[in-house]
Amino acid sequence: MDDGAGAPVEGLMIYLDYNATTPVDARVLEAMLPCLGGAFGNASSIHSAGQRARAAVDRARESVAALIGASPAEIVFTSGGTEADNLALLGLAAARSSQTKMHAITTAVEHHAVLNACEELERRGVRVTYVRPGPDGTVDPDDIRRAITPETILISVMHANNEIGTIQGVEEIGRIAAEADVYFHCDAVQSAGKLRLDLNRLGVDLLSLSAHKVYGPKGVGALYVRPGTPLEPLFFGGHHERDRRPGTENVPGIVGLGKAAELARAYLDEDASRISALRDRLEAALLDSIPDARINGGRARRVCNTTNITFAGAGGEALLIALDLEGIACSTGAACSSGSVEPSHVLTAIGLSDDEARSTLRFSLGRETTREEIDAAIKVIPRVVERIRSLSPRTRAVADDGRVRTVPVR
Amino acid sequence: MPNAIQTESAAGATTLCNAPCQARLAVAMSGGVDSSTVAAMLHQRGQAIIGLTMQLWNHRRLPQLQDGGATQHRCCSPDDVYDARRVAEHFGFPFYVVNLEREFEQSVIRPFANEYLEGRTPIPCSLCNNHVKFDSLLAMARQIGAEKIATGHYARIRFNTDTGRRELLRARDESKDQSYFLFGLTQEQLSHAEFPLGELTKQEVREIARSLAVPVAEKPESQEICFVPSGNYVRFIEGYFQEQHTALADDPGEILSTSGEVLGRHNGLRHYTVGQRRGLGFATGRPMYVVEIDRAQNRLVIGEDAALHSTTCEVRDVNWIAFANPPESIEARVRIRHRHEAAEAIVEPLSQEAARVTFREPQRAITPGQGAVFYLGERVLGGGWIR
């Protein structure tokens, strides 16, 4: 029973939670440091210190634009993905508020930044349709098409799901939105750096990005806004970001995002092939060594780094803690909902029972994940799952031809 | 450990395992001084520990019950989780918040509310110990690799080599003794529990906390039930059922004297508890008390103090700690509520789960729903719920 592990030692941790956040790349940090030191100017100031800051922000804007095939003027820097999503949804609805009846379409598996902004839209009188996904986690673009009404002002569909990694048919949805002349927002926070993002192929009008999911700093993100897209600001103050997002520019953060975007573009293919091989190795080994383990969303096209696995009869919270004590960091679902009693809305939307959803872990790999780490995780995880199953009040031991195994109760 | 109080007395060979504990221990941490001191003592002793704080109730659920200022004396408040986390961070041991809100609602809140509506006065702390702390939390502790769970309870556990059973003993500090709330623990639960404060007085615990520089050493104690910080149970229960969309009919009925005379009307039995004096709504010249809550006929019986006294009660769902099979008749001292001075009685088991208690002297306000706990000397023989 004694697993011999001491308290997790920082630095010896096997970090498999890149969808929650990523470490800041050393090159990003290096790019940011001058802005936290001597190059402290306010990008709106006229003097040369301000101009240097402005130049740094401009370069960053170019590099973010280049990541998605946009023009720099179409990039609005925000405080992160959540603000970008809120600005897109609430800002567009506010700009269209002269329309008496408004309708928006989204999916049941969006991040809470979108879902809770949609709830706010509902409080503001906008009717919202939440399209349900199939069991693989993807929505049928035809379901989106069928939901469109003459009142529809907006469709918001994420690119890659943060919990299960499935990729939505954004290009087709973009065509549907364009045909219907409806604005289309895409939350690309989890696909940036993992998938090629080409605005014109995706057909989006608004697209959200976050720095800290792509080896940049926390507290900064961006919204792409296609020219001509109506958008009211959420905040009021100065004339920053072309009147769309007031507030003194977060120069170090923006520079960090710019560098992170540049690296994401440069390393996209290399990262994706290496990481997906490691992810597949982890997945195959766990399925092979752990009975009653099931991949969620596994039949759909997924981003390279994410695997979401239900271990029937083992509580996700206990798994998460036990693995952390063994030095493996992962997640039970979205970090934002960890610690809440509600099972993951994504997992229940794709048909898992509450108990199944509560017996699920997400492992998300990243640029610094090594083969050695994955091999170590492959050794530890099955042992932890087995221990938790054997000690679970929800399971009981049954003797089957003299062989004892545990089965779920109820 | 500058000038630390010798914690050996706390170790009390009877309460902690005899060999140095190599296996990991979980510590149930509420953020208060007692459980924080347990964690600090064990950690300083070189014991590998994991701090666990239970998230039991979401205080945002019934916002109407938040009287300003009550926020600092309740568990599961962000403040208490913060305090527990701060202690863990200070000493540098792993710490996690475990969400047991579902289990708590199912095993404690709902039975508590239903019992109250049935005219009984339940003790949620015992329900929580039996079904949450030493059940779900213990299961979690064992799942994450701990052998046992240590808590800040003032009580002791001793292994009786003659009977082969683990016995529950009163705390050395009689004024802090919490054995009353632990009567429901099974042998399995006791074998995975440790109460490191059982040999200490509250004063000594405070001193240890100070000497170990426990961050919450000076924190005041809470007395109320954790999920009802205001102490107003009726308002909590009304708010809870409202949230559950269960209409609570105001069901007025008669108030009778002990001789059957109608004295007035009550506005729903849930507003009353046995032994209650205030709030009966009329003056009779002499102090009158609730003597009986007659749920079947929706009647409240009130009488003078003498009518509150009785010598017998029946106890259900008895948990025997000292014996596998109880003898036919046991002379014991029986405590019928926390802080009640245990009174001499004969306990006669009626079955494995039920017993009749006959007191030598009449006892005041034997209240259905409370626990009756049987003591012999410092030992808790067992206990059950007053019918």
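The values are calculated or read from the model by the stated rules, or taken from the named source; none is laboratory data. Remember, it's a predicted structure, so these values are computed and weren't measured experimentally. So basically every Cβ, Gly included, is an ideal-geometry build from the backbone, and we count neighbours across all protein chains shown.
Checked against (1) buried (at least 16 other Cβ atoms within 10 Å of the Cβ); (2) touching a Phe, Trp or Tyr at 6+ places or on another chain (Cβ under 8 Å); (3) within 23 Å of B:I123 (Cα to Cα), B:Y180 passes all but condition (2).
The single residue among B:I346, B:I255 that is part of a strand (DSSP E or B), crowded, with 17+ Cβ neighbours inside 10 Å and not assigned by TED's automatic domain parsing to the domain that holds B:S191 turns out to be B:I255. Scanning the stretch B:243-272 for residues that are within 26 Å of the chain's Cα centre (by Cα) and under 30 Å from B:M54 (Cα atoms) yields B:E243, B:Q244, B:R270.
Take B:D162 and tell me if it is free of Cβ contacts under 8 Å to residues at least 24 places away in the same chain, touching a strand residue (DSSP E or B) at 6+ places or on another chain (Cβ under 6 Å), away from chain A (no Cβ under 14 Å) and more than 23 Å from B:E353 (Cα to Cα). Criteria not met by B:D162. Within the stretch B:80-111, restricting attention to residues that are more than 10 Å from chain A (Cβ to nearest Cβ), small (G, A, S) and over 30 Å from B:H245 (Cα atoms), the residue that is surrounded by the most Cβ atoms within 10 Å (Cβ to Cβ) is B:A84. Taken over the stretch B:228-250, the criterion of being touching a helix residue (DSSP H, G or I) at 6+ places or on another chain (Cβ under 7 Å), within 21 Å of B:H338 (Cβ to Cβ) and part of a loop (DSSP other than H, G, I, E, B) is satisfied by B:V228, B:P229, B:S230.
Might you check whether a residue that is over 17 Å from A:G258 (Cβ atoms), crowded, with 20+ Cβ neighbours inside 10 Å, in contact with a helix residue (DSSP H, G or I) (Cβ under 9 Å, 6 or more places away or on another chain) and modelled with pLDDT of 95 or more occurs anywhere in the stretch A:25-46? Checked the stretch A:25-46: no residue is over 17 Å from A:G258 (Cβ atoms), crowded, with 20+ Cβ neighbours inside 10 Å, in contact with a helix residue (DSSP H, G or I) (Cβ under 9 Å, 6 or more places away or on another chain) and modelled with pLDDT of 95 or more. Contact map, the stretch A:285-309: residues that are of a type in the set (D, E, K, R) paired with residues that are in a strand (DSSP E or B), Cβ distance under 6 Å, separation 6+ or inter-chain. Pairs shown: A:R294/A:T310; A:R301/A:I167; A:R302/A:T166.
Filtering B:R339, B:R360, B:R364, B:R335 for residues that are among the basic types (K, R) and in contact with a Phe, Trp or Tyr (Cβ under 7 Å, 6 or more places away or on another chain) leaves a single hit, B:R335. Go through the stretch A:99-116 and give me each residue that's out of contact with any Asp or Glu (no Cβ under 6 Å at 6 or more places or on another chain) and of a type in the set (G, A, S). Matches in the stretch A:99-116: A:A104, A:A108.
Being within 14 Å of chain A (Cβ to nearest Cβ), in contact with a Gly (Cβ under 9 Å, 6 or more places away or on another chain), without any contact (Cβ under 8 Å) to a residue 12 or more places away in the chain and surrounded by 20 or more Cβ atoms within 10 Å (Cβ to Cβ), is that true of even one residue in the stretch B:142-155? Within the stretch B:142-155, one or more residues are within 14 Å of chain A (Cβ to nearest Cβ), in contact with a Gly (Cβ under 9 Å, 6 or more places away or on another chain), without any contact (Cβ under 8 Å) to a residue 12 or more places away in the chain and surrounded by 20 or more Cβ atoms within 10 Å (Cβ to Cβ).
Determine whether the stretch A:204-211 contains at least one residue that is over 30 Å from A:D271 (Cα atoms) and in contact with a Phe, Trp or Tyr (Cβ under 9 Å, 6 or more places away or on another chain).
Pass one, the stretch A:204-211, residues over 30 Å from A:D271 (Cα atoms): none.
There is no residue in the stretch A:204-211 that is over 30 Å from A:D271 (Cα atoms) and in contact with a Phe, Trp or Tyr (Cβ under 9 Å, 6 or more places away or on another chain).
Based on this model, can you work out whether A:L154 counts as more than 19 Å from A:V303 (Cβ to Cβ), surrounded by fewer than 21 Cβ atoms within 10 Å (Cβ to Cβ) and in contact with a helix residue (DSSP H, G or I) (Cβ under 8 Å, 6 or more places away or on another chain)? Considered against the rule, which asks whether it is more than 19 Å from A:V303 (Cβ to Cβ), surrounded by fewer than 21 Cβ atoms within 10 Å (Cβ to Cβ) and in contact with a helix residue (DSSP H, G or I) (Cβ under 8 Å, 6 or more places away or on another chain), A:L154 comes out as no.
Among the residues of the stretch B:41-59, those that are within 11 Å of another protein chain (Cβ to nearest Cβ) and surrounded by fewer than 21 Cβ atoms within 10 Å (Cβ to Cβ) comprise B:A48, B:Q55, B:N58. Residues in the stretch A:301-321 that are within 9 Å of chain B (Cβ to nearest Cβ) and not small (G, A, S): 4 in all. Is one or more of the residues making up the stretch A:3-24 farther than 30 Å from A:R281 by Cα and of a type outside the set (A, V, I, L, M)? No, the stretch A:3-24 contains no residue that is farther than 30 Å from A:R281 by Cα and of a type outside the set (A, V, I, L, M).
Considering only the stretch A:315-398, give the helices (runs of 4 or more DSSP H) lying wholly within it that have at least 2 residues that are modelled with pLDDT of 95 or more. Break it down stepwise before answering.
Numbers: elements: A:316-325, A:345-349, A:354-357, A:371-390.
By residue number, A:316-325, A:345-349, A:371-390.
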